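What follows is a set of notes on a single structure, which appears directly below.
The values are calculated or read from the model by the stated rules, or taken from the named source; none is laboratory data. No experiment lies behind these values; they were computed from the predicted model shown. Note that we place each Cβ from the backbone using ideal geometry, even for glycine, and neighbour counts take in every protein chain shown.
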Amino acid sequence: MTADARFGLVPVIEHDIDLDGEALTVRLPQPPGLEACDWAAHDQWLSLFPDALPPEQRAYWHERMADPADPLNAGTLQVIAYDLAEYVYGMPWWAAHRLTVKAAAGWWQFEAWSAANNFDPHAPGTPASRLVGACWAWLAAGLEEDKLTAFHRETFEPPPGRLGQQARLDRGKAMLARLMEGKAG
């Protein structure tokens, strides 16, 4: 990952990957917020990657996927899409998915909360990270501390399976690195 979008929107996401020894850089223009949230709500990670890429990059990935001799598979694409999701949504794909599903199911309530909080989810240029943040705020509003803690855990807990295990591993490594950093200082 080459930039941190938490304190400002990165207009073009650049993400370096190593694909079986081949170094590649994916350049993904920041997608429109409502469209990106629709992808998350419907668990359509292929719409994020590779389909949201500029035409020449998208063609590269589609050609590779169409080649039966190429070892590239959907699982590899999903890992890349999940990495890119951190830039687009400001959180893991599965958390954005869980939040947007709930917002889509209760859209009129979300719209009412948005109006009451002077937030316009339809404003041009509203990034997906702002939209899922608003979904979080709407759903968390009024929750007592114990329910808020459970809601947070339910939202951000990685799913079971290979990608969830990798996320848990990455989270453990990051925690260990922070711990070691504190002891070294």
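Here are a few things to note about the model shown:
- Test: residue in the range 88-97 that is in contact with a Pro (Cβ under 7 Å, 6 or more places away or on another chain), under 24 Å from GLY21 (Cα atoms) and part of a helix (DSSP H, G or I): no
- One residue from TRP45, TRP93, TRP61 being surrounded by 12 or more Cβ atoms within 10 Å (Cβ to Cβ) and over 16 Å from the mean Cα position of the chain (by Cα): TRP61
- Taking the range 105-134 as the range and being in contact (Cβ under 8 Å) with a residue 40 or more places away in the chain and in a helix (DSSP H, G or I) as the test, the residues that pass are ALA128, SER129, ARG130, LEU131, VAL132, GLY133.
- Residue count for the range 33-86, restricted to those that are closer than 25 Å to VAL132 by Cβ, in contact (Cβ under 8 Å) with a residue 40 or more places away in the chain and not in a helix (DSSP H, G or I): 1.
- Of the numbered criteria (1) under 13 Å from the mean Cα position of the chain (by Cα); (2) at pLDDT below 95; (3) not in a loop (DSSP other than H, G, I, E, B), the one PRO158 fails is (3).
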